[in-house]
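Written below as structure tokens is the structure these notes are about.
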Amino acid sequence: GEHLWLAPDEAEAARQQLLPVAEALLEETERAWADAHALGLAVTADGPASPSDEVRLAVIEMLWDDEGGEEVAFTESELSVGMKDAKAKYDLDTFRRWKRARKKLSKT
């Protein structure tokens, strides 16, 4: 079609450049919607169809871990520190990762 301020070849070049960006953003938006829906189900009020607390926690941890943050490796001595000291030492995100790492270590 005819564009008032773009020549047809300029419009096609813009489409070729912007379409992949729009498709990538659509994928991110769809994933954010699905994550929000899963989180909503995980935190809904108790009812006959509500998930167990273990499932709720697993969903929340999966969504939290899925944020793309780098994996933090803790040494044995760092994992042996008490909860109070670790909370004082680490920022909130690192502290949560420390708690998960410590929990995984205790399960092994």
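How many residues are part of a loop (DSSP other than H, G, I, E, B) and open to solvent by less than 100 Å² (accessible area, probe 1.4 Å) when one looks only at segment 2-33?
3
Which of the residues belonging to segment 71-108 are open to solvent by 80 Å² or more (accessible area, probe 1.4 Å), assigned to a helix (DSSP H, G or I) and of a type in the set (A, V, I, L, M)?
Met83, Ala88, Leu92, Leu105, listed by residue number.
The values are calculated or read from the model by the stated rules, or taken from the named source; none is laboratory data. Just so we're clear, the structure is a prediction, and the values are computed from it rather than from any experiment. Calculation scope for accessible area: heavy atoms of the full protein, side chains included, ligands and nucleic acids excluded. Shrake-Rupley method; radii C 1.70, N 1.55, O 1.52, S 1.80 Å.
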